[in-house]
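Visitor: Can you read through this structure? Questions will come right after.
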Amino acid sequence: MAVRASDVSRMPGRRTEPAPQPRTPPGKPMVSWFDPAVLAKSGVKALLSGTFGRQADRRLLDAVSQPQPLCFDYSETNTEHPRDELWLDYVSDLGDGWDSTYAVASTVMAPKLELTDACGKTHSTEGGDVLVFGGDEVYPTASVEEYQARTVVPYEAALNRRRPRPHLFAVPGNHDWYDGLVSFTRLFCQGRHSKGWHTRQRRSYFALKLPHGWWLLGTDMQLQSDLDLPQVRFFQKVARKKMAPTDRIILCNAEPAWIKQQVTPHAGRGFLDNNIDFLERRVLGKSVSVFLAGDLHHYRRHQDAAGRQKIVAGGGGAFLHPTHLPKKDQSPGGFELKECFPPKRTSRRMTWRNLLFPVLNPWFGAFMGVVYTLLGWGIAANLNEGAMGAPSFQ
């Protein structure tokens, strides 16, 4: 089995496919996150999804209405012979601006790539039979129109019949949940095909059987960071009925809990804050060999003494997060930082661009100027009123 991550597009090397295809006219620009209108819209969507999601969990409805097989088997060929290898592409945090999304999609959809590592060794890769979206498939908020413009069209243009369409499986992130998972379900969980991929999953979580005793499990922990009961039962059945004792697991989550735990205090809900431990010990009954997540828009890999991996690969085309923070390079359980992109020195240097914030986000500066002006007027009015009503002594 071979796994090809989205971040290979940033490695030095050359592409071996024919001359680049004619490019589709540019689509939507990058999301301007500090535009007051975008902030207001995203805030309202987040509030509504959290409020209504607690009352009507979409995952519970899908578990009843959308039957799904315990696993999708990619361990054998069409002639029922074991596969020797399977090429799989993983992309997370995509569907932002056209340029960045299309650039990553062009690499992912390439029939072949030749990459040169830091030691000068060349590695040949092939386009994946399976494509996994690891979370946040669209920005800023989920809707049918945004998915179509920011995700579907760039990947269709990038594939452009250069190779067979891959089978797509998607893990929902918080931005996919902003409309209650309605658009995500329509696009990825109803068997719909596009010019860029085939979809097979029927729920927001899934299990893929890979060659050589490997499994890839995609979870949905976004709503209140919770594993709902149908999801727990689903993975329990997979582990009990399909997995062998020696099988190994790649676990795909939308967020890297092993990093966020270092900077975010627990919410005081032990039964929810330890979802990964619960999934390993009580649901799967075995340790996970590889953790794979997005949400942080960079590449970072941690490894323990036993060779287990915790990988953040959020380089699907969204804005870049720093890699020099948090400063702790060792996560709980003895996992130590082995590699990151961009390198920490480059990450620190790039943060100096934050000094250009007022130039890059003029509308946010103007908006905050108006807010502070109104606050100043209000304070001044209160002070004047207090001064006029004060008693005078002669």
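Visitor: Where the centroid of each part is defined by its Cα atoms, how far is segment 199-242 from segment 128-153 in Å?
Guide: 20
Visitor: Among Lys112/Lys260; Lys209/Lys310; Lys112/Lys195; Lys41/Lys209, which pairs are too far apart, with a Cα-Cα distance over 29 Å?
Guide: Where the Cα-Cα span goes over 29 Å, the pairs concerned are Lys112/Lys260; Lys41/Lys209.
Visitor: Treating only the Cβ of Lys, Arg, Asp and Glu as charged (+1, +1, -1, -1), what charge dipole size does segment 107-197 show about its Cα centre? Round to the nearest 20 debye.
Guide: Computed about the Cα centre, the dipole is about 440 debye.
Visitor: Further question: Kindly state, to the nearest 0.05, the FRET efficiency for Arg161 paired with Arg192, given R0 = 22 Å and r defined as their beta-carbon distance.
Guide: 0.70
Visitor: Follow-up question, since we're still on this one. DSSP loop (so not H, G, I, E, B), at most 16 other Cβ within 10 Å: list which GluC sites (Glu not before Pro) in segment 121-199 pass both filters.
Guide: Here no GluC sites (Glu not before Pro) fit, given the DSSP loop and packing criteria.
Visitor: Under the 0.36 nm per residue contour assumption, what length would be gained going from the current alpha-carbon distance of Leu360 and Ser289 to full extension?
Guide: Here the answer is 21.3 nm.
Visitor: Further question on the same structure: Could you tell me the relative contact order of segment 118-211? Use alpha-carbon pairs under 8 Å, at least six residues apart, and round to a whole percent.
Guide: 30 percent.
Visitor: Still on this structure, please answer the following. At q = 0.20 Å⁻¹, what base-10 log of I(q)/I(0) does the Debye formula yield for segment 172-251 when every alpha carbon is treated as an equal point scatterer in vacuo?
Guide: Here the Debye-derived log intensity ratios amount to -1.01.
Every read-out reported here was derived from the displayed coordinates using simple, explicitly stated rules and does not represent laboratory data. Quantities reported herein were computed from a predicted structural model and do not represent experimental measurements. A quick note on method: Cβ atoms are made from the backbone with ideal geometry, for glycine too, and the neighbour counts reach across all protein chains shown.
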